[in-house]
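S.K.: Sharing a structure here in structure tokens format.
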Amino acid sequence: MAENLDVHFPEKLQFLFAPKRYKVAHGGRGSGKSYNFAQALILLAAQKPMRVLCTREIQKSIKQSVHLLLSDQIQRLGLGAFFTVLETEIRGMNGSLFMFAGLAQHTVESIKSIEGCDIVWVEEAQTVSKKSWDILIPTIRKDDSEIWVSFNPDLDTDDTYTRFVLNPAPSATVVEMNFGDNPYFPKELEAERLHCMETNPEDYENIWLGKCRSAVTGAIYANEVNAATLHGRICNVPYDPLLKVHAIWDLGWNDSMAILLVQKVRSEIRIIESIEDDHKTLDYYAGLLNSKKYNWGYDFLPHDGRTKDFKTGKSTEELLKAFGRKVKITPNMPIESGIKAARLMFSQCYFDKAHSIRLLECLKRYRRSINPRTNEAGAPLHDTYSHSADAFRYLAVNAESLSNEDRRAPVAAPRWQPYDSGVGY
């Protein structure tokens, strides 16, 4: 039935009709990615029976899905008699089925119900987390099954971007698709594009050319992260055994524990590694650090590192010392003063690009809360990105205390006494 339709596709998206495990299109607004993904899926589902899951990271209602986009394509292609559009799914006369779901609410067990899918289309994939990808990909295991990915990039540290653009699998076809690749780019969007270029040049490349932002809009350290990128301070930063490695902690249990491993030489602050995890005990982190066999300096804890746990009666400071760590406490500085200190320190910092990925992502996303009534910025948000950002702030507070000297207790000089040879003169 679909073979007789007169359908035109942009040249860059012809690959959608050739077998491939991963089919990925990324780029800016107006490129026709979603429109043509939907069109291709309807045509393929009309040709042979298939199960298609249409998903995104968060889908609280069917209105947030591509259900309407697919329905519109069915009508535009004249296939209204072939497909039955229901409230939560779309069925074809040949047995094809379109389903819709969000990824974030699924676990390894609950997502098993979709393992028989022929195609999974992940739309707005820039927001999909590593956890969701790690659950979804091994679940889609049917012979010749495919995963289609469409997105407008946000940050170059987003898991979707690093997974499919920076490090694509050999079984992936990946194309960059922008407005210039869409032969049907409408004049209304062209007017919007030109207006954006004139009035909002900072965001133009991300919105219309699909280039990654240096940080999210409104990020507290947006300018500083951008400068670090432009000046090449996100690079290979090797461990120097002649320098002390200091560990800067932000404490957490349900919230994440964040630890920055830092070396300092002269005015340079070298962040060689960042660690972040949750629901791990102190002996786990102490063992992890001790296993690295670094030339260790001090562990700098926030001021609550001296608070005693009601279950053990001991503080984090006491426990870490018992595990063989040398500990200092970070001065209790107001958050805004700490942020100011972090901004001033930023130009001294070098970030290891391979081992500081999580820290960089958090610094790019660390932002303030916005009052919905006044639209005014408030205190920094306490969210999944704030823990490593807090550790970076503690680094700034302690920057002057990062020494490469072994501070041992001074040895008292022997008291001088007159020499008595026992021989008289």
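The values are calculated or read from the model by the stated rules, or taken from the named source; none is laboratory data. Keep in mind that this is a model prediction, so the values were computed, not measured. Neighbour counts run over all protein chains shown; Cβ positions are idealised from the backbone, glycine included.
Each row is one residue, and each column tells you yes or no for (1) modelled with pLDDT under 95; (2) under 20 Å from the mean Cα position of the chain (by Cα); (3) under 20 Å from GLU361 (Cα atoms).
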| residue | (1), (2), (3) |
| --- | --- |
| ASP158 | yes, yes, yes |
| PRO170 | no, no, no |
| TRP208 | no, no, no |
| ASN223 | yes, yes, yes |
| LEU242 | no, no, no |
| ASP250 | no, yes, yes |
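S.K.: When the residues of the range 142-156 are narrowed to those that are of a type in the set (Asp, Glu) and over 21 Å from the mean Cα position of the chain (by Cα), which ends up surrounded by the fewest Cβ atoms within 10 Å (Cβ to Cβ)?
M.R.: Taking the range 142-156 and keeping what is of a type in the set (Asp, Glu), we get 143-144, 146, 154, 156.
Next, from what is left, pick out any that are over 21 Å from the mean Cα position of the chain (by Cα): 143-144, 146.
Numbers: ASP143: 5, ASP144: 9, GLU146: 21.
Selected residue: ASP143.
S.K.: Does GLY232 meet the test of being outside the structural domain of LEU41 (by TED's automatic domain parsing), at positive phi and in contact with a strand residue (DSSP E or B) (Cβ under 7 Å, 6 or more places away or on another chain)?
M.R.: Numbers: outside the structural domain of LEU41 (by TED's automatic domain parsing): yes; at positive phi: yes; in contact with a strand residue (DSSP E or B) (Cβ under 7 Å, 6 or more places away or on another chain): no.
Spelling it out, it is not the case that GLY232 is outside the structural domain of LEU41 (by TED's automatic domain parsing), at positive phi and in contact with a strand residue (DSSP E or B) (Cβ under 7 Å, 6 or more places away or on another chain).
S.K.: Just the residues that are more than 19 Å from VAL120 (Cα to Cα) and not aliphatic (A, V, I, L, M), please, taken from the range 144-170.
M.R.: Those that are more than 19 Å from VAL120 (Cα to Cα) and not aliphatic (A, V, I, L, M): PRO153, ASP154, ASP156, THR157, ASP158, THR162, ASN167.
S.K.: Would you tally the residues in the range 7-19 being within 18 Å of CYS117 (Cα to Cα) and surrounded by fewer than 18 Cβ atoms within 10 Å (Cβ to Cβ)? Break it down stepwise before answering.
M.R.: We begin by selecting, within the range 7-19, every residue within 18 Å of CYS117 (Cα to Cα); these are 16-19.
Checking which are surrounded by fewer than 18 Cβ atoms within 10 Å (Cβ to Cβ) leaves us with 17-19.
Residues in the range 7-19 being within 18 Å of CYS117 (Cα to Cα) and surrounded by fewer than 18 Cβ atoms within 10 Å (Cβ to Cβ): 3 in total.
So that you can scan it fast, the table gives a plain yes or no per residue for (1) over 26 Å from VAL265 (Cβ atoms); (2) outside the structural domain of LYS244 (by TED's automatic domain parsing); (3) surrounded by 13 or more Cβ atoms within 10 Å (Cβ to Cβ); (4) not charged (D, E, K, R):
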position: ASP299; (1), (2), (3), (4): no, no, yes, no
position: LYS314; (1), (2), (3), (4): yes, no, yes, no
position: GLU318; (1), (2), (3), (4): yes, no, yes, no
position: SER347; (1), (2), (3), (4): no, no, yes, yes
position: LYS353; (1), (2), (3), (4): no, no, yes, no
position: SER356; (1), (2), (3), (4): no, no, yes, yes
position: LEU363; (1), (2), (3), (4): no, no, yes, yes
position: TYR366; (1), (2), (3), (4): yes, no, yes, yes
position: HIS382; (1), (2), (3), (4): yes, no, no, yes
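S.K.: Which ones in the range 173-187 are within 13 Å of LYS211 (Cα to Cα) and either part of a loop (DSSP other than H, G, I, E, B) or outside the structural domain of GLU146 (by TED's automatic domain parsing) (or both)?
M.R.: Correct list: MET177, ASN178.
S.K.: So, of the residues in the range 33-81 that are in contact with a strand residue (DSSP E or B) (Cβ under 9 Å, 6 or more places away or on another chain), in a loop (DSSP other than H, G, I, E, B) and not aliphatic (A, V, I, L, M), which turns out to be farthest from ILE114 (Cα to Cα)?
M.R.: Filtering first and then ranking leaves LYS60.
S.K.: Whether any residue in the range 215-237 is surrounded by fewer than 17 Cβ atoms within 10 Å (Cβ to Cβ), touching a Ser or Thr at 6+ places or on another chain (Cβ under 9 Å) and not in a helix (DSSP H, G or I) is what I want to check.
M.R.: yes
S.K.: Related question: Out of curiosity, is GLY305 part of a helix (DSSP H, G or I), farther than 22 Å from LYS353 by Cβ, touching an Asp or Glu at 6+ places or on another chain (Cβ under 8 Å) and not aliphatic (A, V, I, L, M)? It would help to see each step written out before you state the result.
M.R.: Values: part of a helix (DSSP H, G or I): yes; farther than 22 Å from LYS353 by Cβ: yes; touching an Asp or Glu at 6+ places or on another chain (Cβ under 8 Å): yes; not aliphatic (A, V, I, L, M): yes.
Against the criterion (part of a helix (DSSP H, G or I), farther than 22 Å from LYS353 by Cβ, touching an Asp or Glu at 6+ places or on another chain (Cβ under 8 Å) and not aliphatic (A, V, I, L, M)), GLY305 qualifies.
S.K.: Go through (1) farther than 30 Å from ASP156 by Cβ; (2) more than 26 Å from the chain's Cα centre (by Cα) and name the single condition LEU13 misses.
M.R.: (1)
S.K.: Hey, could you check the range 285-297 for residues that are among the aliphatic types (A, V, I, L, M) and within 25 Å of the chain's Cα centre (by Cα) and say which is surrounded by the fewest Cβ atoms within 10 Å (Cβ to Cβ)?
M.R.: Pass one, the range 285-297, residues among the aliphatic types (A, V, I, L, M): 286, 288-289.
If we keep only those that are within 25 Å of the chain's Cα centre (by Cα) as well, we get 288-289.
Numbers: LEU288: 13, LEU289: 21.
Out of the qualifying residues, it is LEU288.
S.K.: Filter the range 208-257 down to the residues that are among the small types (Gly, Ala, Ser) and in contact with a helix residue (DSSP H, G or I) (Cβ under 9 Å, 6 or more places away or on another chain) and list them by number. Talk me through it step by step, then tell me what you get.
M.R.: Here is the first cut: in the range 208-257, the ones among the small types (Gly, Ala, Ser) are 210, 214-215, 218-219, 222, 227-228, 232, 247, 252, 256.
SER214, ALA215, ALA219, ALA222, ALA227, ALA228, ALA247, GLY252, SER256 - these are the residues of the range 208-257 that are among the small types (Gly, Ala, Ser) and in contact with a helix residue (DSSP H, G or I) (Cβ under 9 Å, 6 or more places away or on another chain).
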